[in-house]
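Structure record follows, encoded as structure tokens.
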Amino acid sequence: MGHRRRWQVGLTAAGAVLAALLLVGQLWLTLRLQWTTREPLADSLLGLNFSCDQAEYLLLEEPGAGPDGFADDGRPGRAEWCAGVLRQLMEETGIRLVRLSVRWDEVEPEEGRFDFTVIEAELDAVRAMGGGANVSIGMKAQRHPEFYIPGWALEGVELREGLVLSEVPALRARALRMVGTVAAHLAGRPEIDSWTAENEGYIASHRAHRYSLSQEYVAEVARTIRAADPLGRPVVINHAQHYVFDRRWKDALADADVLAQSMYPRRNGSLLGRPVVIDIMQLGWLMPNYAHQARVARAQGKEFWVTELQAEPWTDGDARLISPERPSPNLSPATLRRNVEYARRTGALRIYLWGAEWWLYQRERYGDGSWLATVRELAAGAPQPGYLARQ
């Protein structure tokens, strides 16, 4: 190889190395300057989500046991059992803020006949613990299958994949009537400090045939709740935005008193055919800037909350099979702390943890109290809202 040729090869190699260093440096700088690293830690209030259905699935039902392993919703004492589990979670974690959902098929099993037994028992537990509750009302609620629509309300409705349910006039009218009735009935409960209009109302449900709701309908649910509440408690609209290109948070902010987001930082993926866990909070400009959203909300005199923060493993299988002997690579008590740190850096006034029923299951089934202990420690270091501190 000639002298000139060696120089060309050397310069090309040096240029490639320099380009690689610049790329690595740019990536490092991006990660160092992104909001998950740069924003200060807010003094966020800590809460938990609770679903009695999920508690039953984990604590009462046995996989593969058939009818004997199924917890019947109509069994005697169910409401008291639900309330008891919720109270136990509040006692063991020290958390006093709770987020609940009203199931339409449970609260109005027949048209015009309302049964508030379960939600009122849960609210009784919150009040007994000196706590405060956020209550979501609508077609869509927490946990599988998300859309809890009673059979009678679907009469005459032609269901199909991807249907926008709120565009079916009869179903829309029935749902809004239910929302108004439930909100008016519960409005006298002093432990309710806020409402949620639907649950992640803008998100098409992969658990229920990709059914969805329109932004205009969710806004009407919010107006219906406000009209039924003489105390004027704030109405939350929550979203589940995972990437920056989704701008529907602006719709939620426009129609709500509180903008809220669901945050699931650790996602399962694959690389070269091998499973990996991706921390989407480290994707730089691709991820939403929740801290910016919080600042925009505050500028409009509104609040920003995280109504679901991943605090149980994200799994594609049966969560009941995760144990200390078979831990999930998706989440550990240590990465749960990291998730809380991410959420605090948004500037959120409140952070509601997702997975409380699973923490208790891990302790009851496998003797692993580390999850409850971790949450208890986090809650001990978090402030309480003034109205709770005075109780």
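The values are calculated or read from the model by the stated rules, or taken from the named source; none is laboratory data. In this text, all values refer to a predicted model and were calculated from it rather than measured experimentally. Using ideal geometry, Cβ is built from the backbone for each residue, glycine included, and neighbour counts are taken over all protein chains shown. Note: areas computed on protein heavy atoms with side chains; ligands, DNA, RNA excluded. Shrake-Rupley method; radii C 1.70, N 1.55, O 1.52, S 1.80 Å.
Of the Cα atoms belonging to the chain, the radius of gyration and Dmax stand at 23.4, 93 Å. About its Cα centre, the chain has a charge dipole of approximately 2420 debye under the convention of +1 per Lys or Arg Cβ and -1 per Asp or Glu Cβ, with nothing else charged.
Ellipticity at 222 nm from helices only: DSSP H runs of n ≥ 4 in the chain, each -39500 (n - 2.57), divided by the residue count, give -13000 deg cm²/dmol.
Find the Rg to Rh ratio for region 190-304, where Rh is the Kirkwood radius over alpha-carbon pairs and Rg uses the same atoms. The partial results should precede the final answer.
On the way: Rg = 16.3 Å, Rh = 15.7 Å.
Ratio value, two decimals: 1.04.
Our summary gives region 50-202 a relative contact order of 25 percent, counting only alpha carbon pairs under 8 angstrom and 6 or more residues apart. Under a model in which nothing but the beta-carbon of Lys, Arg (+1) and Asp, Glu (-1) is charged, region 72-198 shows a dipole of about 300 debye around its Cα centre.
Near S44, once Lys and Arg are set to +1 and Asp and Glu to -1 for all other residues with Cβ below 9 Å from its Cβ, the sum equals +1. First compute the accessible area of the chain with a 1.4 Å probe, then give the percent of it belonging to carbon and sulfur atoms. Here it works out to 55 percent. Computed from phi, the 3J(HN,Hα) profile of region 275-292 under the Karplus parametrisation 6.51, -1.76, 1.60 (θ = phi - 60°) reads x, 9, 10, 9, 8, 6, 6, 10, 9, x, 5, 6, 8, x, 9, 5, 5, 5 Hz, with x in place of Gly and Pro. Anisotropy class assigned to region 52-189 is oblate, per the alpha carbon gyration tensor with a/c at or over the 1.5 cut-off and a/b no larger than b/c. When the Cα positions of W359, L259, A228 are compared along the charge dipole of the chain, L259 comes out farthest toward the positive end, with charges on each C-beta of Lys, Arg, Asp and Glu.
Taking amide H as placed 1.01 Å from N in the peptide plane, A240 has its amide H under 5 Å from the amide H of S262, each at least 5 places away in sequence or on another chain. In region 38-113, if the dipole is taken from +1 on Lys/Arg beta carbons and -1 on Asp/Glu beta carbons about the Cα centre, which of F70, L58, M90 is farthest to the positive end? About the Cα centre, the residue reaching furthest to the positive side is M90. Mean separation of Cα pairs under 8 Å and 6 or more residues apart, divided by the residue count, gives the chain a relative contact order of 20 percent. Need one number: the % of Cα-Cα pairs in region 241-391 sitting beyond the 28 Å mark. Distances greater than 28 Å cover 28 percent of the Cα pairs. Each residue of region 344-350 was assigned a 3J(HN,Hα) from its phi angle through the Karplus curve 6.51 cos²θ - 1.76 cosθ + 1.60 (θ = phi - 60°); the sequence is 5, 6, 6, x, 4, 6, 10 Hz, with glycine and proline shown as x.
Positive-end ranking of N268, L171, G151 along the dipole of the chain, with charges on Cβ about the Cα centre, is headed by N268.
When ranked by the protection proxy of mean other Cβ atoms within 10 Å per residue, highest first, what sequence do the peptides 118-127, 370-379 form? Intermediate values should be presented prior to the final figure.
Details: 118-127: 21.3, 370-379: 18.6.
Most protected by this proxy first, the peptides run 118-127, 370-379.
Karplus-derived 3J(HN,Hα) values for region 159-174, using 6.51 cos²θ - 1.76 cosθ + 1.60 with θ = phi - 60°, are 7, 8, 4, x, 5, 7, 4, 6, 8, 8, x, 5, 5, 4, 4, 5 Hz; glycine and proline are entered as x.
Within the chain, what percent of beta bridges assigned by DSSP are antiparallel, to the nearest 5? The antiparallel proportion sits near 20 percent. Using a simple charge model, +1 on the beta-carbon of Lys and Arg, -1 on the beta-carbon of Asp and Glu, nothing else, what dipole does region 247-310 show about its Cα centre, in debye to the nearest 20? Charge dipole of region 247-310: 240 debye, to the nearest 20.
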